[in-house]
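Peer 1: So that we are looking at the same thing, I have put the structure below in structure tokens.
We did not get these values from a lab; they are worked out from the coordinates using the rules stated. The structure displayed is predicted, hence computed values, not measured ones. Positions of Cβ are backbone-derived with ideal geometry, glycine not excepted, and every protein chain shown enters the neighbour counts.
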């Protein structure tokens, strides 16, 4: 009698997707932490923020959101909030570039925003479907399904 050690294709595909998603998340986290850090050390960023008419505290706030959001992407519990905060920063960047006539420069934050939205969607918490074999958790009411 032989025992098969083959891994089902469904499991392999799911594992590959999970790994790809975590690698993408890690890259996004790294990029946001680095971009946020640059806002603290590069004096040209402060000059550009002033040219756009924003006070200097906005540069510091955006840098803190980028660094904190980048790190929060790595924690499943905080990732949805980080995605929202970083999305707001990117939307602000797109708006700023468009408002100041730098239309080609708006493409990069817009593309990153689109990728961030896709990543956030892929990492969204899954909810239990009706008829699932998962037992209800104590203290949580499951009477939200319509009664036929």
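Peer 1: List 90, 21 from most exposed to least, where exposure is judged by having the fewest other Cβ atoms within 10 Å.
Peer 2: Fewest-to-most ranking of 90, 21: 21, 90.
Peer 1: Sticking with this structure for a sec: Which of 94, 117 comes first, and how do the rest follow, when ranked by fewest Cβ neighbours within 10 Å?
Peer 2: Going from sparsest to densest Cβ surroundings: 117, 94.
Peer 1: Another question, then. In what order do 67, 60 fall by count of nearby beta-carbon atoms within 10 Å, going from fewest to most?
Peer 2: 60, 67
Peer 1: Now for a different question. Testing the spin-label approximation: label points 7 Å from Cα along Cα→Cβ at residue 56 and residue 75. State their distance in nm.
Peer 2: Simple spin-label model gives 3.1 nm for this pair.
Peer 1: Under 8 Å for C-alpha pairs, at least 6 residues apart: give me the relative contact order for the range 1-119, rounded to a whole percent.
Peer 2: Value for the range 1-119: 22 percent.
Peer 1: Mind checking the full-extension length gain between residue 16 and residue 44? Use 0.36 nm per residue of separation minus the Cα-Cα distance, one decimal, nm.
Peer 2: Length gained between residue 16 and residue 44: 6.0 nm.
Peer 1: Binning at 5 Å from 0, report for the range 24-98 what percent of all alpha-carbon pair distances ends up in each bin.
Peer 2: 3, 17, 26, 25, 16, 8, 4, 0
Peer 1: Oh, and also: Run the quick spin-label model on residue 123 and residue 103: label points 7 Å from Cα toward the beta carbon, then report their separation in nm to one decimal.
Peer 2: 3.4
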